[in-house]
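All remarks here apply to the structure that follows.
Nothing in this text is a laboratory measurement; each read-out follows from the coordinates by a stated rule. All of these numbers come straight from a predicted model, not from anything done at the bench. Every residue, glycine among them, receives a Cβ derived from its backbone with ideal geometry; neighbour counts consider all protein chains shown.
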Amino acid sequence: MVIVERKYVGRILVFLAVTMALVWYVTSKRNDFNQAAFPASPKAKPVSATVTPVQPRLLERDFFSEYRMERDRVRAQQLEILQGLASNAKADNVSRQEAGKKIVSLTENLTREMEIEGLLKAKGYEDVLVFLHSSAAEVVVKTQVEIGQADMAAISDIIKRSTSLKPDRVSIIARP
């Protein structure tokens, strides 16, 4: 039993390392963008106090990437707590086994969410967020038009194939 748990811990650590590398990459690209768009000048002059609204398109792009990064950060914290409990020699066996089961469940959900997001993007959606729960799923789709019945059926079908959830347990939200 201990060997199986170590195998899962290894997989989880690899997953966390890949996730952290992805977050680092995205963060570094964001800093490069900010430096290119807003170069610092040595003799900066005061600017008027007029506020120019940000273009909605940039805000929407940030919604998906920011939410995805926040979701990954929270999940990494959850995994860290569960790993601490699973590897705590002072914890009773039942607690350690439950923590191990939750680690496996969390990583399986995360893998399925990423798989579904990839499949939906391959279907032509610009960006997608998927949130899986034990008996339901939420999907946020970036689209400029209303989602029709055919699209809802296609999205629900992908969720059903990946999770075995019935279409009435899938909530689809369109976000421009």
Taking only the alpha-carbon atoms of region 96-143, what semi-axes of the equivalent ellipsoid follow from 5 times the gyration tensor eigenvalues under a square root, in whole Å, largest first?
26, 10, 6
Roughly what would the spin-label model give for A89 and E146, points 7 Å off Cα along C-beta, in nm?
6.4
Site D157, offset 7 angstrom along Cα→Cβ, radius 20 Å on amide nitrogen, limited to region 133-151, gives 137-142, 146-151
Extension gain from E138 to L106, taking 0.36 nm per residue of separation minus the Cα-Cα distance
9.9 nm
How much length is gained on full extension from E70 to Q97, taking 0.36 nm per residue of separation minus their Cα-Cα distance?
7.0 nm
